[in-house]
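For reference, the structure discussed in these notes is given below.
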Amino acid sequence: MIDDSEYVSGKEIARQWREMPHRKQADKIVLEMIDNNVSIEQVLDFTGFTDHEFARMLAGDGPYTQQQYDDLYAQIRAHQTPVK
């Protein structure tokens, strides 16, 4: 049974998520992938990231720098897949 001291509101969860260090950069990854028709499998293949590493980057969490995000955006653009 969960008591009131263990309860975290949806607003609190959203606040914590907004405060993750690279949330905006992480949001841009998904947009770059959609715009360039690149799949998660492709990103994992050309970056060498593990599922866990990429998930942390997508979550805006982890030890990633702005330069690493910029490099990933460039890699995604370079691996653009034509839409059929």
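The values are calculated or read from the model by the stated rules, or taken from the named source; none is laboratory data. Keep in mind the model is a prediction, meaning the values are calculated, not measured. Note that each Cβ is placed from the backbone with ideal geometry, even for glycine, and that neighbours are counted across all protein chains shown.
Can we say Gly48 is at positive phi and either crowded, with 16+ Cβ neighbours inside 10 Å or among the acidic types (Asp, Glu) (or both)? Break it down stepwise before answering.
Details: at positive phi: yes; either crowded, with 16+ Cβ neighbours inside 10 Å or among the acidic types (Asp, Glu) (or both): no.
Criteria not met by Gly48.
Based on what the data block shows, is Ile13 modelled with pLDDT under 95, surrounded by 10 or more Cβ atoms within 10 Å (Cβ to Cβ) and not small (Gly, Ala, Ser)?
Values: modelled with pLDDT under 95: yes; surrounded by 10 or more Cβ atoms within 10 Å (Cβ to Cβ): yes; not small (Gly, Ala, Ser): yes.
Considered against the rule, which asks whether it is modelled with pLDDT under 95, surrounded by 10 or more Cβ atoms within 10 Å (Cβ to Cβ) and not small (Gly, Ala, Ser), Ile13 comes out as yes.
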(message) Go through region 51-61 and report how many residues are surrounded by 17 or more Cβ atoms within 10 Å (Cβ to Cβ) and either touching a residue at least 60 places away in the same chain (Cβ under 8 Å) or assigned to a loop (DSSP other than H, G, I, E, B) (or both).
(response) 1
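Considering every residue within region 34-46, establish whether at least one is of a type in the set (S, T, N, Q) and touching a His at 6+ places or on another chain (Cβ under 9 Å). It would help to see each step written out before you state the result.
Of all residues in region 34-46, those of a type in the set (S, T, N, Q) come to 36-37, 39, 42.
Checking the rest, the ones that are also touching a His at 6+ places or on another chain (Cβ under 9 Å) come to 36, 42.
Yes, there is a match, as at least one residue in region 34-46 is of a type in the set (S, T, N, Q) and touching a His at 6+ places or on another chain (Cβ under 9 Å).
Looking at the structure I just gave you, is Glu6 at pLDDT 85 or above, more than 13 Å from the chain's Cα centre (by Cα), surrounded by fewer than 10 Cβ atoms within 10 Å (Cβ to Cβ) and not small (Gly, Ala, Ser)? Show your work before the answer.
Values: at pLDDT 85 or above: no; more than 13 Å from the chain's Cα centre (by Cα): yes; surrounded by fewer than 10 Cβ atoms within 10 Å (Cβ to Cβ): yes; not small (Gly, Ala, Ser): yes.
For Glu6, the condition - at pLDDT 85 or above, more than 13 Å from the chain's Cα centre (by Cα), surrounded by fewer than 10 Cβ atoms within 10 Å (Cβ to Cβ) and not small (Gly, Ala, Ser) - is not met.
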(request) Can you tell me which residue among His52, His79 is in contact with a Phe, Trp or Tyr (Cβ under 9 Å, 6 or more places away or on another chain) and either at pLDDT 90 or above or of a type outside the set (Phe, Trp, Tyr) (or both)? (result) His79
